[in-house]
Structures are given as structure tokens and as C-alpha cells.
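The values are calculated or read from the model by the stated rules, or taken from the named source; none is laboratory data. What you see is a predicted model, and the numbers here were worked out from it, not measured in a lab. Here the Cβ positions follow ideal geometry from the backbone for every residue, glycine too, while neighbour counts run over all protein chains shown.
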Amino acid sequence: MGKRFRIALLPGDGVGAEVTAEAVKVLRAVEPRLEGVAFEFEEFSVGAGEYLKSGDPLPEATFQRLTEFDAILLGAMGLPQVRRPGGTEMTPQLDLRERLDLYCGVRPVRLYHADHTPLKGYQAGEIDFVMVRESTEGLFFSRRESYAPDAAEARDTMRISRAGAERVFRAAFRMAASRRGLLTLIDKANVLPSMAYFRRIFDEVAAGFPAVRTERVYVDAAALYLVQDPRRFDVLVTENMFGDILSDLAAGLVGGMGMAPSADIGDRYAVFQPAHGSAPDIAGRGIANPTATILSAAMMLDWLRGTAAGGAMIRGAVERFFATSEERTGDLGGRLKTSELGDRIAELVGS
């Protein structure tokens, strides 16, 4: 008997709709190559545009519908000019992480062509690591707090809970065990008591994974090492804000945000999206790089039961495209349109 997967599409704002369309195109190309598998897509309006229409970037009725789906594929959300009264942007993607308890933020970083990196001497595949970011607490914990405009100061609180740290560490250890067997903790345990606590829990969890080698690196040193020698890393695990910052740095090593897929995974639900923002300055021009979204769709197939072969097909198609074609989107120095790159990847799927 076949399996039908229901996928909720949240194109969002800016270039979100453009890149999401290409991911769907590639998924449709994979679909007939997965025996007995079918995808059913349904689109929902979430984001800054929805806020301008209804006053709520993530309407409650929409949220409840999203819990009925097998997975969520998200484009990009937020617009710089659309802000809440306190001055922050619309971030329903963070609401989804928190409300669906998507504690494991997974950010794969892989170099697909030597020309994509600003570093000298690196070839395709030589930069290949995964950043795991705790996505439900950390310094983002106090993001809903407000302060008076005339306040003498403002404070944000970093929350590290034992339960939250243990579960993301276990996920990271399992991931490292399935790769090259090295897990690096990124923290600031020399200064912040919350980070010393974070490290202590890491050490406790590490005892249960004796086959995985571990190292501990302060976040400032990690930024240095990522630029000096990214080959030293396999899987990195860190707090929410540190992961937010370092994952952008890591994307810069392999071609930028257009090459940066991501997933936010919980015990029951998962959201897959490119790590980039809505890029309103190029929205509607058909020049955004959809690779990150396409690779995020591959991660979705890795997560859905029985479709991992499709994820491998997509990654293989991306790898073959960048290895054999001189065509590129504008962010990588070429003139290829968003839809044209989607066409190329879809054509290569399964070939």
C-alpha cells in the first residue's frame, strides 16, 4: 500500500514564494521515483503579509491546521518595514518552533564548488559539517518581553534548562555517531554561569556516547576556527543565539545564504526552510537562489519515514549540477533565474 504525505506550504514573504515553488517542483520530480509515495501540498498564508491583512502573522486557525500535516515546508518570513509596536519584526517561524517544540535546529553546511567559498584551496566536499542549534530557549527565551520607551535599561534573559539541553545534546550525539564521530560543544563557559551549566550537562550526556569524540570550544574561538580551518568540524552543538550567528558565518563559507538549508525538528513535528530571510530587495525579480530551499526539502524527505532515498536523489542532483555546469544564480556570480535553476535540479533528479 502506498503512502501519501501531506505537506503544508508556508511561502511567507519576499522571495519565499519564489524559492518554495522550486522546491515543490523538485519534489514533484522525485515523487514518481519513490515507489508508492505521493505528496499532497496545501498552502497557507503566514508572515508579515498576513499580519498586514488580518493583524496576526500566524492566525490561530492556521496554526491548528498545521498540526494536522506530516511536515511543514517554509519559504521566508518577515519584512523589515513591518514591525510589532515594540520594534521587532514579525517572526512566526519562531512561534512555530516554540509552539511545536522544535528544539533541534539542524543547519548542514557543505561546499558544492570551490568557486563558492572565499577561502583559498578548498574543493567541493571539503567543507562538510552540521550545526545543531537549540531552538526553543537560550537568549531567545525573553524575546516577548517589552520595556517602556523611556526605560533606563533593558535586559534579555538566557534560559538553559536541563531538559532542553539534554534532549538537544542527545540529538547531536546521535547525529555525530552517524557521521564522522566528532561532536563539538560551542559555549561561553568561561564567563557565563548559564554556559557553565550547559557544559556540565553536555559532559553528563557525553558519558552515554563513548564512541563519539568530543571537544569544547568557546564561541569566539569557534568563529575564528570556522574561518581558519572548517575541515576540523563534524557536528557542532550550541545555544540558540550562538547558533543563529555562527550558522550565518558558516553559510558564508560555502556560497552564502542561498546555499544554506535548515530544519527545526521536534519529537512529533518538523519545519524545513532555507536559513535565509525574505530578501525583499530582490523579491519578484526571479533571481533568488532556491538551492537552500531545495536542500531543505531534501532534509524533509530524510525525516519523513520511507522517503530518505528521495533526499539522497535531491542532494545528488544539486551536487551534479554544481560540478558539471557553469550556470549560476546572481548571488554566485551568474545570471540564472530562480525557476531555471529549479528546472536544472529537477531534470537531474534520479538521472
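What the table below lists for this structure:
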item	result
When residues of region 2-48 are limited to those that are among the β-branched types (Val, Ile, Thr) and in contact with a Leu (Cβ under 8 Å, 6 or more places away or on another chain), the one surrounded by the most Cβ atoms within 10 Å (Cβ to Cβ)	Val46
Test: residue in region 60-70 that is polar (S, T, N, Q), at pLDDT 95 or above and surrounded by 19 or more Cβ atoms within 10 Å (Cβ to Cβ)	no
Of all residues in region 231-278 being over 22 Å from Thr20 (Cα atoms) and polar (S, T, N, Q), the one that is surrounded by the most Cβ atoms within 10 Å (Cβ to Cβ)	Thr238
Residue that is modelled with pLDDT of 95 or more, within 16 Å of Glu134 (Cα to Cα), surrounded by fewer than 20 Cβ atoms within 10 Å (Cβ to Cβ) and more than 23 Å from the chain's Cα centre (by Cα), where the choices are Arg213, Arg199	Arg199
Flag for Gly310 being in contact (Cβ under 8 Å) with a residue 24 or more places away in the chain, surrounded by fewer than 16 Cβ atoms within 10 Å (Cβ to Cβ) and touching a strand residue (DSSP E or B) at 6+ places or on another chain (Cβ under 8 Å)	no
Positions within region 279-294 being surrounded by 18 or more Cβ atoms within 10 Å (Cβ to Cβ) and either closer than 20 Å to Ala251 by Cα or among the hydroxyl-bearing types (Ser, Thr, Tyr) (or both), in sequence order	Ala279, Ile287, Ala288, Asn289, Pro290, Thr291, Ala292, Thr293, Ile294
Region 177-196 - residue that is under 24 Å from Ala263 (Cα atoms) and out of contact with any Lys or Arg (no Cβ under 8 Å at 6 or more places or on another chain) and, of those, surrounded by the fewest Cβ atoms within 10 Å (Cβ to Cβ)	Ser178
Residues located in region 239-273, provided they are within 21 Å of Ala165 (Cβ to Cβ), touching a helix residue (DSSP H, G or I) at 6+ places or on another chain (Cβ under 7 Å) and not hydrophobic (A, V, I, L, M, F, W, C)	Glu239, Asn240, Ser262, Asp264
Among the candidates Phe169, Phe141, residue that is crowded, with 22+ Cβ neighbours inside 10 Å, of a type in the set (Phe, Trp, Tyr) and either under 30 Å from Gly284 (Cβ atoms) or in contact with a strand residue (DSSP E or B) (Cβ under 7 Å, 6 or more places away or on another chain) (or both)	Phe169
Region 337-351 residues that are closer than 22 Å to Gly284 by Cα, paired with ones that are among the aromatic types (Phe, Trp, Tyr) (beta carbon under 7 Å, 6 or more apart)	Arg344/Phe321; Ile345/Phe321
Residues (over 27 Å from Met131 (Cβ atoms) and among the acidic types (Asp, Glu)) located in region 53-109	Asp56, Glu60, Glu68
Only one of Ala124, Ala148, Ala154, Ala163 that is under 19 Å from Leu192 (Cβ atoms) and aliphatic (A, V, I, L, M)	Ala154
Residue that is nearest to Val130 (Cα to Cα), among those in region 226-238 that are touching a helix residue (DSSP H, G or I) at 6+ places or on another chain (Cβ under 7 Å) and among the charged types (D, E, K, R)	Asp234
